[in-house]
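Peer 1: Pasting a structure here, questions to come.
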Amino acid sequence: ILSNIKFISFFDMDNASKQLYASPPPFCPFARFTNNEEEYQLIHFGESPILSNVADDKSSQSSSPHFRPLDWCNTIDGTYEAILCGVCMSPIIDTPFYSCKECLYIFSQRNVNGFHKECIEPVSKHPYHPKHSLRFIHYFELRPDNKLCFCLNNSASVYNCSLCDFTICQPCSRNPPLLAIDNPKKHMHTLFYFPRKGSMICDVCSFSDQSSLVYSCTQCDFLTHMNCVYFPCVIKISRHQHRLSFISSPTPGKWWCGVCRGKIDINYGRYSCVKGCNYGVHSKCATRKDVWDGKELEGTPEDEYEEDITKSFYEISDGIIQHFSHPDHHMRLNAETDRAFDENKYCQACTLPVCDGIIYNCMQCEFVLHQECAHLPRKKQHATHPHPLSLQVEHQDGWFTCEACDRRSNGFGYLCCERDCDYMLDMCCASIDEPFDHPHHPHPLYLTFDPETLQYCWICQKMGVMRLNCGESYSCGFVLCFGCATLPTKLRYKHDQHFLIFGYDKDASGKYVCDVCEQEADPKSGIYTCSDCNATLHIQCLLGLREDMYMMPRREEFIFREFNVTVLPNNHLSRNICKCCHNRCSNKVVYKISDTVKVCSLFCIYEWWHIKNYS
């Protein structure tokens with residue numbers, strides 16, 4: 001049907017036809033104007049500097065689709081059932097329409113061939129922006145730098161005024177405008193829409209956001225963004241054990257935000273603890289998706305997990321417990337710390353080797369838990385997630401990936417209690433609280449990260465979202481990922497009678513050689529050393545590969561990619577050769593798929609599955 005379309009340029013029309021359409025046609029919605037004055041002249045005066053005074057000179061017309069006006073289109077037979085409007089997506093039937101010869105291929109890829117006249121024409125005197133007309137624009141793809149509507153939905157098709165940088169999406173442009181808001185919980189008077197844009201600070205969130213609709217009170221000096229008017233009154237966030245309530249009245253003293261650690265201006269709205277703790281949070285910080293679960297709790301009684309965190313064990317007698325993870329046997333407290341090191345004995349919760357700490361031993365089998373791990377609660381709130389987490393012992397796939405450190409583990413884990421959320425933390429990451437004290441940094445660390453940004457960890461040099469930042473000063477800049485923050489400070493090695501101590505020195509200049517792989521070890525990336533024996537080990541040589549260091553040997557099989565997999569200790573005198581990558585398995589564990597197939601990592605299991613199925 002595209003071959004049947006007849007394009008009629010505005011400049012090809014006779015004077016009578018031009019008068020019929022009153023004004024030149026709108027420009028192509030794929031146009032990108034780099035000069036605001038050009039767009040202003042086009043929309044308000046019906047001309048552009050490129051086309052001005054040359055309406056009769058066809059040779060001088062721009063051929064660039066970025067500045068090309070749409071063509072008035074007809075078809076030979078007068079049927080248009082296969083043509084869709086690019087704005088309303090409805091068929092164009094029995095009426096002429098606008099299209100662009102230069103962009104017709106782009107339109108056809110989107111099953112769009114043109115635009116209704118009433119859909120593509122600039123919107124004048126819109127109640128939300130009466131000063132200037134709004135031009136319809138279409139983006140080739142959804143990108144973070146696209147202009148957003150005040151509803152914050154990233155839409156490919158919007159109406160925009162480039163003079164004021166005002167943008168509104170199609171659904172919002174069609175909904176009846178809200179010119180007045182009554183919300184006594186935020187302000188006692190009626191708030192009216194304020195169309196003028198500028199650097200005006202919202203009295204609720206304390207920020208200036210020119211992309212948001214602004215409402216003001218005509219009786220007092222109060223101004224707020226539309227979204228801020230509906231901020232909740234009482235909430236529960238992941239960073240504090242009590243509920244928070246919104247307050248707008250000034251309070252004495254200096255306040256610091258419990259999320260971003262920045263200073264709180266008491267002249268603007270904020271959230272503070274309902275139980276009198278000296279704890280406050282910026283309104284914007286408190287309502288972030290990674291901090292707040294989106295629930296208004298005003299008038300709702302407190303949940304059980306907020307008041308009473310359930311214990312993981314029952315005390316049978318002095319030093320003897322019944323732990324929920326090991327229900328068939330009792331466990332006895334073992335306070336002896338000077339015990340012989342057994343490299344094959346792991347805590348079943350955190351999967352780390354048992355060294356000198358106080359532990360609970362099963363009275364009938366080899367099940368072992370560190371005392372700290374045995375005392376972990378069944379349900380807890382963690383600062384990295386807005387929903388409560390529940391302690392899990394068994395996992396559907398036999399293992400899981402921690403959301404904070406991106407490491408795999410077959411030990412215990414904390415899983416989100418929400419049905420549709422699979423957020424999960426391993427035991428080490430779940431044990432991190434604010435403020436976090438690290439032995440190799442003098443200042444306390446906090447979860448002040450912006451979830452939309454990335455930073456490099458100072459130790460492993462890996463870039464990540466979830467991280468701990470120095471809370472002492474912005475000039476310090478120390479960043480620590482969860483993987484490095486949870487590395488054990490001391491460990492035992494089977495060939496050394498002393499403890500190996502984790503060390504990190506960003507200013508180190510000497511050379512170290514790992515006693516296992518005999519490769520250079522850099523203290524700037526973290527190493528384990530023994531000062532008595534001058535022993536040095538890489539992190540991966542002592543604990544295994546970074547991704548699999550929390551995978552411990554277990555008798556139970558798990559199913560992965562159709563294979564029955566068993567995790568075995570890699571403690572033979574001769575190292576196994578991985579069936580997939582053909583390298584010697586240097587990890588602390590190997591994965592047995594069959595009697596003849598052993599691989600060195602979960603990644604190699606996947607690769608082996610891919611070879612078997614697609615080779």
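The values are calculated or read from the model by the stated rules, or taken from the named source; none is laboratory data. In this text, all values refer to a predicted model and were calculated from it rather than measured experimentally. All Cβ positions, glycine included, derive from the backbone under ideal geometry; neighbour counts span all protein chains shown. We work out accessible area using only protein heavy atoms, side chains counted, and drop any ligands, DNA or RNA first. Shrake-Rupley method; radii C 1.70, N 1.55, O 1.52, S 1.80 Å.
Peer 1: So how much accessible area does residue 190 have, in Å² to the nearest 10, using a 1.4 Å probe?
Peer 2: 40 Å²
Peer 1: What is the percent carbon and sulfur in the accessible area of segment 310-375, measuring with a 1.4 Å probe over the protein chains and ignoring ligands?
Peer 2: On the way: 1640 of 3480 Å².
Whole-percent figure for carbon plus sulfur exposure: 47.
Peer 1: So, one more: Sketch the reach of a paramagnetic label on residue 220 as a point 7 Å from Cα along Cα-to-Cβ, and name the residues of segment 188-210 whose backbone nitrogen lies under 18 Å away.
Peer 2: 188-193, 201-206
Peer 1: Net charge near residue 592: determine it from the other residues with C-beta under 12 Å of the C-beta of residue 592, scoring Lys and Arg +1 and Asp and Glu -1. Write down the numbers at each step before the final one.
Peer 2: Details: positive: 554, 555, 579, 598; negative: 557, 595.
After counting each charged neighbour, the total is +2.
Peer 1: Now for a separate question. What trypsin sites (Lys or Arg not before Pro) in segment 479-520 are in a loop by DSSP, with at most 16 other Cβ atoms within 10 Å of the Cβ?
Peer 2: On the way: sites: 490, 492, 494, 506, 511; in loops: 494, 506, 511.
When the trypsin sites (Lys or Arg not before Pro) of segment 479-520 are filtered for loop state and at most 16 Cβ neighbours within 10 Å, 494, 506, 511 remain.
Peer 1: On each of the three principal axes of the Cα atoms of segment 472-615, give max minus min coordinate, whole Å, ordered largest first.
Peer 2: 52, 40, 27
Peer 1: Note down the net charge around residue 367, summing +1 for each Lys or Arg and -1 for each Asp or Glu among other residues with Cβ under 13 Å from its Cβ. Write down the numbers at each step before the final one.
Peer 2: Values: positive: 332, 345, 554, 555; negative: 328, 366, 556.
So the environment of residue 367 carries a net charge of +1.
Peer 1: Something else now. What accessible area per residue comes out for segment 557-614, rounded to a whole number of Å², with a 1.4 Å probe?
Peer 2: Numbers: 3440 Å² over 58 residues.
Value returned for segment 557-614: 59 Å² of accessible area per residue.
Peer 1: Taking only Cα atoms of segment 310-375, what ratio of Rg to Rh do you get with Rh as the Kirkwood inverse-distance radius? Walk me through the numbers before you get to the answer.
Peer 2: Details: Rg = 11.1 Å, Rh = 11.9 Å.
With Rh from the inverse mean 1/r over Cα pairs, Rg/Rh is 0.93.
Peer 1: So, R0 is 51 Å and r is the distance between the beta-carbons of residue 267 and residue 508; what FRET efficiency does that work out to, to 0.05?
Peer 2: Details: r = 48 Å, r/R0 = 0.94.
For residue 267 and residue 508, the calculated efficiency is 0.60.
Peer 1: For residue 496, what is the net charge nearby, where nearby means another residue's Cβ is under 9 Å from its Cβ and Lys, Arg count +1, Asp, Glu -1? Don't skip to the answer; put the middle values down first.
Peer 2: Details: positive: 492, 494; negative: 515, 532.
Counting the neighbours of residue 496, the net charge comes to 0.
Peer 1: Work out the FRET efficiency for residue 612 and residue 88 from their Cβ-Cβ distance, taking R0 = 56 Å, and round it to the nearest 0.05. Intermediate results must be reported in sequence, preceding the final value.
Peer 2: Working: r = 51 Å, r/R0 = 0.91.
It comes out at approximately 0.65.
Peer 1: Run the quick spin-label model on residue 311 and residue 522: label points 7 Å from Cα toward the beta carbon, then report their separation in nm to one decimal.
Peer 2: Simple spin-label model gives 4.9 nm for this pair.
Peer 1: Using alpha-carbon pairs under 8 Å, 6+ residues apart, how would you state the relative contact order of segment 163-226 in percent?
Peer 2: On the way: 79 pairs, mean separation 16.9, N = 64.
Value for segment 163-226: 26 percent.
Peer 1: Also, I was wondering about something else. Mind listing the Cα extents of segment 557-614 along all three principal axes, in Å, largest one first?
Peer 2: 34, 23, 18
Peer 1: In the structure shown, do any of 311/494; 263/284; 345/588; 263/289 have a Cα-Cα gap over 23 Å, and if so which? Before the final figure, lay out the partial values.
Peer 2: Values: 311/494 35 Å; 263/284 13 Å; 345/588 13 Å; 263/289 21 Å.
With Cα atoms farther than 23 Å apart: 311/494.
Peer 1: Using a 1.4 Å probe on the protein chains only, how many percent of the accessible area of segment 487-543 belongs to carbon and sulfur?
Peer 2: Values: 1350 of 3280 Å².
Its accessible area is 41 percent carbon and sulfur atoms.
Peer 1: On to the next question. Can you classify segment 395-500 as rounded, prolate or oblate using the Cα gyration tensor, where a ≥ b ≥ c are the square roots of its eigenvalues, rounded means a/c under 1.5, and otherwise it's prolate if a/b beats b/c and oblate if not?
Peer 2: Details: a/c = 2.08, a/b = 1.08, b/c = 1.91.
Oblate shape, in that a/c is at least 1.5 and b/c is the bigger or equal ratio.
Peer 1: Using only the Cα atoms, work out Rg/Rh for segment 258-388, with Rh taken as the Kirkwood radius, to two decimals. Walk me through the numbers before you get to the answer.
Peer 2: Numbers: Rg = 20.9 Å, Rh = 18.3 Å.
Here the Rg-to-Rh quotient is 1.14.
Peer 1: So how many Å³ per residue does the convex hull of the Cα atoms of segment 487-543 work out to?
Peer 2: Values: hull volume 4.3 nm³, N = 57.
Normalising the Cα hull of segment 487-543 by residue number yields 75 Å³.
Peer 1: Compute the relative contact order of segment 332-403 as a whole-number percentage, counting only Cα pairs closer than 8 Å that sit 6 or more residues apart in sequence. Can you show the working numbers first?
Peer 2: Values: 87 pairs, mean separation 16.2, N = 72.
It rounds to 23 percent for segment 332-403.
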